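*Asks:* The structure that follows is given in the form of structure tokens.
The values are calculated or read from the model by the stated rules, or taken from the named source; none is laboratory data. Remember, it's a predicted structure, so these values are computed and weren't measured experimentally. Neighbour counts run over all protein chains shown; Cβ positions are idealised from the backbone, glycine included.
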Amino acid sequence: ESYPDPLDDLPLARSRDYGDYSERKRELLELGRKWFRKRVEEWNKAPRIPQLVFDDCRVKFADSRVFKRGNTLIKFSKPNFHGIEYARVGWVISIEIIYGNEKLIHTSDLEGPVIEDQAEEIIREKPNVLIVDGPSTYLIPYMLNLINLKRAIENMKRIIKNTSPEVIIYDHHLPREPRYKERVKEVYETAEKEGRAVLTAAEYLGKEPVVLSAKDR
């Protein structure tokens, strides 16, 4: 079976100008394409996992599908890179829940979002509530370089400026090291300027993030 190259569906990421990093980025993308083609070869050799039917339930694949339960729509995205283009840790699926005029988006592990097209999709959908994972600042410089950190910051700033959510839960990867607010301070500064609430899950519940309280012990 043929699997399309996921990068073909990311025109904003493909057209980004990386300046002095452009040549290295092209090298990394080509290595990623080769890795993806090998993955496709392996997928085509492996047996298919079917959607399962049991006496009291059915297991359905959610990728790119929409389900309706009463007046609630549950929309699942196509598989997205788990981070940067051709991230070797695989793919993730975002979820969108719509009820009347209310819309919640949970991005899953997009690492930012670090890819510009994913940020644009969030802007188009204009959620009332946005749950986004943020960049893995605790992995600088081992698995997250400063160029991709900058991309993630720019994308969140653009989301904040072009949407009007009641709250943005900025959590998961982000609050794993105590300097996270310093690392992405431009995001918080933009949120304050635009009058947007950007909180970790703990802060939303009126608590201090453990990573901050632990550093003072």
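*Asks:* Out of all the residues in the range 5-27, which are farther than 22 Å from ALA119 by Cα and surrounded by 11 or more Cβ atoms within 10 Å (Cβ to Cβ)? Write out each step before concluding.
*Replies:* As a first pass, look at the range 5-27 and keep what is farther than 22 Å from ALA119 by Cα: 20, 23-24, 27.
Once the filter is applied, which keeps residues that are farther than 22 Å from ALA119 by Cα and surrounded by 11 or more Cβ atoms within 10 Å (Cβ to Cβ), the range 5-27 yields only ARG24.
*Asks:* Which pairs turn up if I take residues in the range 159-186 that are at pLDDT below 90 and basic (Lys, Arg) and look for partners that are part of a loop (DSSP other than H, G, I, E, B) and crowded, with 20+ Cβ neighbours inside 10 Å with beta carbon separation below 9 Å, at least 6 apart in sequence or on another chain?
*Replies:* Cβ pairs passing all conditions: ARG176/SER136.
Yes/no matrix, rows are residues, columns are (1) surrounded by fewer than 19 Cβ atoms within 10 Å (Cβ to Cβ); (2) at negative phi; (3) of a type outside the set (Asp, Glu); (4) within 16 Å of the chain's Cα centre (by Cα):
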| position | (1), (2), (3), (4) |
| --- | --- |
| ALA152 | no, yes, yes, yes |
| ASN155 | no, yes, yes, yes |
| LYS181 | yes, yes, yes, no |
| ALA191 | no, yes, yes, no |
| LEU205 | yes, yes, yes, no |
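*Asks:* For the range 29-45, name all the residues that are touching an Asp or Glu at 6+ places or on another chain (Cβ under 9 Å) and in contact (Cβ under 8 Å) with a residue 40 or more places away in the chain.
*Replies:* Taking the range 29-45 and keeping what is touching an Asp or Glu at 6+ places or on another chain (Cβ under 9 Å), we get 29, 32-33, 36-37, 40, 43-44.
LEU29, GLY32, ARG33, PHE36, TRP43, ASN44 - these are the residues of the range 29-45 that are touching an Asp or Glu at 6+ places or on another chain (Cβ under 9 Å) and in contact (Cβ under 8 Å) with a residue 40 or more places away in the chain.
This table checks each residue for (1) within 23 Å of LEU205 (Cβ to Cβ); (2) part of a helix (DSSP H, G or I); (3) in contact with a helix residue (DSSP H, G or I) (Cβ under 9 Å, 6 or more places away or on another chain).
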{"position": "ILE105", "(1), (2), (3)": "yes, no, yes"}
{"position": "ASP109", "(1), (2), (3)": "yes, no, no"}
{"position": "ALA119", "(1), (2), (3)": "no, yes, yes"}
{"position": "ILE122", "(1), (2), (3)": "no, yes, yes"}
{"position": "GLY134", "(1), (2), (3)": "yes, no, yes"}
{"position": "PRO141", "(1), (2), (3)": "no, no, no"}
{"position": "ILE168", "(1), (2), (3)": "yes, no, yes"}
